[in-house]
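Let me begin by presenting the structure, written as structure tokens, before commenting on it.
The values are calculated or read from the model by the stated rules, or taken from the named source; none is laboratory data. Note that the structure is a prediction, hence the values are computed from the model and not measured. Quick reminder, even Gly has a Cβ in these numbers, built from the backbone with ideal geometry, and neighbours come from all protein chains shown. What goes into the accessible areas is simple: the full protein's heavy atoms, side chains included, and nothing from ligands, DNA or RNA. Shrake-Rupley method; radii C 1.70, N 1.55, O 1.52, S 1.80 Å.
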Amino acid sequence: MQLAKWAHDLAESLLADSLPKRWAHSQGVYSQALTLAPTLGEDAELLAAAGIAHDVGYAQAAVDTGQHMIDGARYLRDVVGADPRLCSIVAFHTSSSWEASELGLDDALNEFGPAEPELVDAITYCDLTSSPVGDLVDPAERLSEVLERYGPEHVVFRAVSAARPELLARVARVRQRLAKAVAVKLN
């Protein structure tokens, strides 16, 4: 758990004091990532690290493009020299592809590609099952909360609206993998 500890300390230093709700949410995402360990094998720690660090792009020190997924991935890559796979998971989490397209940042996002579908599914599941304050939440309710918070004129609203079917499909795929892992363990 060295990578996860390192990511935890970094995210805490960037978010805990200046963005306490974002920090609470990141801790919830981290907790959810830990629950997926049985489905991820050797990538379990990588996902835990991504879970705690997925929103570091909101920190003032990381803001560059204004798209927090890309900004977080660039900060991790350029400032702290993080593992490229960690940077990729952060870059592609949740509705990043749709938001990057809305903002004309496809090339910036592609700096971190190609995305690893199973890990993008997993981080999206963790993000969408953690409320803004880190509590467990239904993914559909979480998406509704995001849409309400941003409003129809905001790029996040447009991106999440377009991405919603795929985001819920990602959650469903992770739930299927979890169910299979539990069934295997019981047998």
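For Rg and Dmax of the Cα atoms in Å, the choices are [x] 16.2, 52; [y] 15.3, 51; [z] 15.9, 43; which was calculated from the structure?
[y]
Kindly write out, for the range 165-170 in residue order, the coupling ³J(HN,Hα) from the Karplus curve 6.51 cos²θ - 1.76 cosθ + 1.60 (θ = phi - 60°), rounded to whole Hz, with x marking Gly and Pro.
With the stated coefficients, the range 165-170 comes to x, 5, 4, 5, 5, 4 Hz.
For GLU148, what is the net charge nearby, where nearby means another residue's Cβ is under 15 Å from its Cβ and Lys, Arg count +1, Asp, Glu -1?
0
In whole Hz and in residue order, list the ³J(HN,Hα) couplings for the range 123-132 that follow from phi through the Karplus curve 6.51 cos²θ - 1.76 cosθ + 1.60, θ = phi - 60°; x for Gly and Pro.
In residue order, the calculated couplings are 5, 5, 4, 4, 5, 7, 9, 10, 5, x Hz.
If you average the sequence gap of Cα pairs under 8 Å that are 6 or more apart and divide by the length of the range 42-187, what percent do you get for the contact order?
In percent, rounded to a whole number, it is 19.
Can you order the peptides 149-159, 57-67, 72-82 by their average number of other Cβ atoms within 10 Å per residue, highest first?
72-82, 57-67, 149-159
I'd like the carbon and sulfur percentage of the solvent accessible area for the chain, probe radius 1.4 Å, heavy atoms only, ligands and nucleic acids excluded.
54 percent
Using a cut-off of 12 Å between beta-carbons, work out the net charge of the residues near PRO132 (Lys and Arg +1, Asp and Glu -1, PRO132 not included).
-2
So what's the back-of-envelope 222 nm ellipticity for the chain, counting only DSSP H runs of four-plus at -39500 (n - 2.57) apiece and dividing by all residues, rounded to 500?
Theoretical 222 nm ellipticity from helices: -21500 deg cm²/dmol.
Skipping prolines and chain starts, which residues have an amide H placed within reach, meaning under 5 Å, of the one on SER130, given they are 5 or more residues away or on another chain?
Result for SER130 returns VAL137.
Extending each Cα 7 Å along its Cβ direction at ALA172 and VAL79, get the distance between those two points in nm, one decimal.
In this crude label model, ALA172 to VAL79 measures out at 3.8 nm.
What GluC sites (Glu not before Pro) does the range 1-76 have in DSSP loop regions with at most 12 other beta carbons within 10 Å?
The qualifying sites: there are none.
With the other protein chains left in place, how much accessible area per residue, in square angstrom, belongs to the range 76-145 at a 1.4 angstrom probe?
Per residue, the range 76-145 has an accessible area of 41 Å².
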